[in-house]
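What follows is a single structure, written as structure tokens, with notes after it.
The values are calculated or read from the model by the stated rules, or taken from the named source; none is laboratory data. Keep in mind that this is a model prediction, so the values were computed, not measured. Neighbour counts run over all protein chains shown; Cβ positions are idealised from the backbone, glycine included. The accessibility values were calculated without ligands, DNA or RNA, using every heavy atom of the protein model including side chains. Shrake-Rupley method; radii C 1.70, N 1.55, O 1.52, S 1.80 Å.
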Amino acid sequence: MYGPPVDLSFKDISSVTGALSEHPRSGLRPLNTNSKRKYLSRTLRLSNNSITDLVGLQYTLGFFLAEPSQLGWLDLSFNKLTCIDPVLCELHDLRVLYLHSNGIWNLSEIDKLGELQHLHTITLHGNAIETSKGYRKYAISVMPQLRTMDFSAVTHALTVLVTHANFILIGVNIGALYIIGGFAQSCVKVACAN
């Protein structure tokens, strides 16, 4: 049985390991611990701090959680992260990841999250990547298992559209446009409208 989140939000910490000297905030339900005084929770909240990177995340998870490998929900929203650290890909049981309102500016950072096969909910809004053209479709193409993105439902129709009809422009040749299409990966000649 797992209990409420281990809540280390609003602690004014600038690094993940800065949480080691903090006590979790108390909530409506009390946090339970095992015999080693590790919390019986699958959720860690580190939101609303000044965290700039995720150095020491695995150690911090092991410090607080009875079963860190079973972390299912990680809230890193409202921090100062500028990239998606590969350490997140080591969290194989992660289902919910909040990264909204950080400083992530490179859209290709999302590619790293494609390894998280159980991830069904993500927030990325409030980052500079949100202004990139095709941001939502790109994220869904990298993580087609998503059910919710930025607190909005991801429809099956949209998932099918971005994963099966992903066309890449490869060139224009006097009156014809050549594209490579989804499954067949074959070159198709499409007449250009005059």
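Report, to the nearest whole %, how much of the accessible area of region 1-98 belongs to carbon and sulfur atoms, 1.4 Å probe, protein only.
Roughly 52 percent of what the probe reaches on region 1-98 is carbon or sulfur.
Suppose we keep just the alpha-carbon trace of region 70-130; what are its Rg and Dmax in angstrom?
In order Rg, Dmax, the Cα atoms of region 70-130 give 10.6, 30 Å.
Go through 14-27, 39-52 and give me the packing order, highest mean Cβ count within 10 Å leading.
Ranking the peptides 14-27, 39-52 by packing returns 39-52, 14-27.
Can you compute 3J(HN,Hα) from phi for each residue in region 104-118, using the Karplus curve 6.51 cos²θ - 1.76 cosθ + 1.60 with θ = phi - 60°, rounded to whole Hz and x for Gly and Pro?
6, 10, 9, 4, 5, 4, 4, 3, 4, 7, x, 6, 7, 5, 8
Under 11 Å from the Cβ of D85, count the other residues' Cβ atoms, weight Lys and Arg +1, Asp and Glu -1, and hand me the total. The partial results should precede the final answer.
On the way: positive: K112; negative: D53, E90, E109.
With Lys, Arg at +1 and Asp, Glu at -1, the neighbours total -2.
Using 0.36 nm times the number of residues separating F63 and R29, minus their current alpha carbon distance, what extension gain do you get?
Numbers: separation 34, 0.36 × 34 = 12.24 nm, distance 2.08 nm.
Here the segment from F63 to R29 would lengthen by 10.2 nm.
Please work out how much length the chain gains when fully extended from N106 to Q70, using 0.36 nm per residue of separation minus the C-alpha to C-alpha distance, in nm with one decimal.
Full extension of this stretch gives 10.1 nm more.
If the chain between C83 and L158 were fully stretched, how many nm would it gain, using 0.36 nm times the residue separation less the Cα-Cα distance?
Stretched out fully, the C83 to L158 stretch lengthens by 24.4 nm.
With θ taken as phi - 60° and the coefficients 6.51, -1.76 and 1.60, list the Karplus ³J(HN,Hα) couplings across region 5-17 in order, rounded to whole Hz; mark glycine and proline as x.
x, 7, 9, 10, 7, 6, 9, 6, 9, 9, 9, 4, 5
Which whole-Hz ³J(HN,Hα) couplings does region 26-39 yield from phi under the Karplus relation 6.51 cos²θ - 1.76 cosθ + 1.60, θ = phi - 60°, glycine and proline marked x?
8, x, 5, 9, x, 7, 9, 10, 8, 5, 9, 6, 9, 6
Let a ≥ b ≥ c be the square roots of the eigenvalues of the Cα gyration tensor of region 63-167; is it rounded (a/c under 1.5), or, if not, prolate (a/b larger than b/c) or oblate? Kindly include the intermediate steps, with their values, before the conclusion.
Numbers: a/c = 1.94, a/b = 1.34, b/c = 1.45.
Oblate is the answer for region 63-167, as a/c is 1.5 or above yet b/c matches or exceeds a/b.
Taking the Cβ-Cβ separation of K38 and H92 as r and a Förster radius of 25 Å, what is the calculated FRET efficiency to the nearest 0.05? Intermediate results must be reported in sequence, preceding the final value.
Working: r = 19 Å, r/R0 = 0.77.
E between K38 and H92, to the nearest 0.05, is 0.85.
Per-residue counts of other Cβ atoms within 10 Å, averaged by peptide: what ranking do you get for 59-71, 88-100, highest first? Display every interim value, and only then the final one.
Working: 59-71: 17.7, 88-100: 19.2.
Averaged packing, sorted descending, gives the order 88-100, 59-71.
Where the convex hull is taken over the Cα atoms of region 1-121, what is its projected area averaged over directions, in nm²? Could you put the intermediate results ahead of the total?
Working: hull surface 28.1 nm².
Dividing the Cα hull surface by four gives the mean projection, 7.0 nm².
Pop a pseudo-label 7 angstrom from the Cα along the beta-carbon direction at both K137 and D150 and give the gap in nm to one decimal.
Going by the 7 Å Cα→Cβ label model, 1.4 nm.
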